[in-house]
Amino acid sequence: MSHRKSLPSGVRLGCSPLSWTNDVLEDLGDDTPLAQCMSEMAQAGYEGTELGRKYPRNAETLAPLLTTHGLALASGWYSGRLAEREVDEEWEEVASHAQLLRALGCKVMVYGECGAMAPSVSPLDEKMSCRLTLSGQQMADYATRLAAFDARLRRHYGIRLAYHHHLMMVAETFQEICQLFDALSVEVGLLLDTGHAMAAGFDYRRLIDRYDSRICHIHLKDVRPAILEQVRGQDMSFNAAVRAGMFTVPGDGCVDFGPLASFVLQSGYQGWMIVEAEQDPTMAPPLAAVTRARQNVEAAFAPLLLTA
């Protein structure tokens, strides 16, 4: 059975470059060439990738690189700041990113809220307890701006916003995600991240139960429970948690991916699932890790596909 036929029709499996090169902690994988990252993704059996800091940001250069390695571009993270600025200003900032995604055939944009974080020049280096939270009115105003921004994306670029709930950001906990998404228009998409849910203290199945039809992109991430306990117990920073190895690839931690596979199959989900694990590549050699991850993801689907 080929890798691409071991998943439901219309579901594509990609891999984030974060296993090779970290976007924030630049010493992690800084000496790894982009060609190695892409070639090993393809060797491990993945169909696509998301953007990373070493990727060219123009379609004319990036498209041939992807083609050479038989990869498609699934999406790319955008650091939005709608929690603290207006839609018009955000619209100017996003233009080149949205144009790149559209040119390479992406259907969704991964949106991470980088406004209203811990008051620091390096908020991801602050203790997790230092993150900012929004009041009820601030969250409602934020939802209004986010919905307007998404509507423009869809109208002008044909791209849907995939909102990434994330540690240290304004929608980290289940309650915060619900507060935001209950106030948003139903067109705004949700990125389901299994690892960020676990690390934030809730079961990702709660998001499936509540927002199944709005999930438009999936990040497959696992969590090492002993390190998560250490991170929370010592109130470590997000970056310190990454260096300590809190996140890992599917199958190496405590997240159960069976319910995720059931959701994908039963809901008729169409789109990308991206294996993503911010790890030190010297501690977790990327090719072996992401190959193991693909095998574990396919194993979660195998019994369901046999009976489908």
For region 235-246, in residue order, the Karplus 3J(HN,Hα) values (coefficients 6.51, -1.76, 1.60; θ = phi - 60°; whole Hz; Gly and Pro = x) are 6, 6, 7, 4, 5, 5, 5, 4, 5, 6, x, 4
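Once you sort the root eigenvalues of the Cα gyration tensor of the chain as a ≥ b ≥ c, which label holds: rounded (a/c under 1.5), prolate (a/b larger than b/c) or oblate (the other case)? Can you show the working numbers first?
On the way: a/c = 1.24, a/b = 1.17, b/c = 1.07.
Taking the square roots of the gyration eigenvalues as a ≥ b ≥ c, the chain is rounded.
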Ordered by residue, what ³J(HN,Hα) values in Hz, to whole numbers, does region 214-221 give under the Karplus form 6.51 cos²θ - 1.76 cosθ + 1.60, where θ = phi - 60° and Gly and Pro are x? 9, 6, 10, 7, 9, 10, 9, 9
Which one of Asp280, Asp150, Asp235 has the biggest mean-square fluctuation once the chain is modelled by GNM with Cα springs under 10 Å? Asp235
To the nearest whole percent, what portion of all C-alpha pairs in region 61-120 is separated by more than 20 angstrom? 37
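How much net charge surrounds Trp91 when only the other residues with a Cβ under 11 Å from the Cβ of Trp91 are counted, with Lys and Arg +1 and Asp and Glu -1?
Net of charged neighbours comes to -3.
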If amide H atoms are modeled at 1.01 Å from N in the peptide plane, then the residues at a separation of 5 or more from Met109, or on another chain, having amide H under 5 Å from its own are Arg160, Leu161, Ala162
A correct Karplus calculation of ³J(HN,Hα) over region 104-110, with 6.51 cos²θ - 1.76 cosθ + 1.60, θ = phi - 60°, whole Hz and x for Gly and Pro, returns 9, x, 6, 9, 9, 10, 6
Take the chain, connect every pair of alpha-carbon atoms lying under 10 Å apart with a spring to form a Gaussian network, then pick out the residue of Ala226, Ala42, Ala277 with the largest mean-square fluctuation. Ala226
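Roughly how compact is region 56-205, stated as its Cα Rg over 2.2 N^0.38 Å to two decimals? If you can, show how the numbers build up before the last one.
Numbers: Rg = 16.0 Å, N = 150, 2.2 N^0.38 = 14.8 Å.
For region 56-205, the normalised Cα radius of gyration is 1.08.
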Run the 1.4 Å probe and let me know the accessible area of Leu25, rounded to the nearest 10 Å². 20
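Just the number, please: percent antiparallel of the DSSP beta bridges in the chain, rounded to the nearest 5.
On the way: 3 of 31 bridges.
In the chain, approximately 10 percent of DSSP beta bridges are antiparallel ones.
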Starting from the residue with the highest accessible area, list Thr282, Thr49, Thr173 in decreasing order, probe 1.4 Å. Thr282, Thr173, Thr49
Report the Cα centroid-to-centroid distance between region 220-265 and region 139-208 in angstrom, as an integer. 20
Given the Cα-Cα distance of Thr144 and Glu86 and 0.36 nm per residue of separation, how much length would full extension add, in nm? 19.9 nm
If amide H atoms are built 1.01 Å from N in the plane of the peptide, which residues on other chains or at least 5 residues away come under 5 Å of the amide H of Val11? Gly271
Please list, or write none, the aspartates and glutamates whose alpha carbon is within less than 16 Å of the alpha carbon of Lys127, excluding same-chain residues fewer than 8 places away. Glu172, Glu229, Asp235
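I'd like to verify something in the chain: which complete DSSP H helices, judged by Cα projection on the helix axis, reach 15 Å or more and average at least 0.5 on the Kyte-Doolittle scale?
Working: long enough: 87-103 (22 Å, -0.53); 136-157 (31 Å, -0.80); 286-307 (33 Å, 0.60).
TM-like helix candidates: 286-307.
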Compare the Cα positions of Phe247, Ala200, Gly271 along the charge dipole of the chain (+1 at Cβ of Lys, Arg; -1 at Cβ of Asp, Glu; about the Cα centre) and return the one farthest towards the positive end. Gly271
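Given the -39500 (n - 2.57) contribution per DSSP H run of 4+ residues, what per-residue ellipticity at 222 nm results for the chain, rounded to the nearest 500 deg cm²/dmol? Mind dumping the intermediate values first?
Values: 11 runs with 128 residues, N = 308.
Computed mean residue ellipticity for the chain: -13000 deg cm²/dmol.
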Could you identify which residue out of Ala197, Ala148, Ala162 has the top mean-square fluctuation in a GNM of the chain using Cα springs shorter than 10 Å? Ala148
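The values are calculated or read from the model by the stated rules, or taken from the named source; none is laboratory data. Owing to the predicted nature of the structure, the values given are computational and were not obtained by experimental measurement. Backbone-built Cβ (ideal geometry, glycine too); neighbour counts: all protein chains shown. Quick note on the areas: whole protein, heavy atoms, side chains included, nothing else; ligands and nucleic acids left out. Shrake-Rupley method; radii C 1.70, N 1.55, O 1.52, S 1.80 Å.
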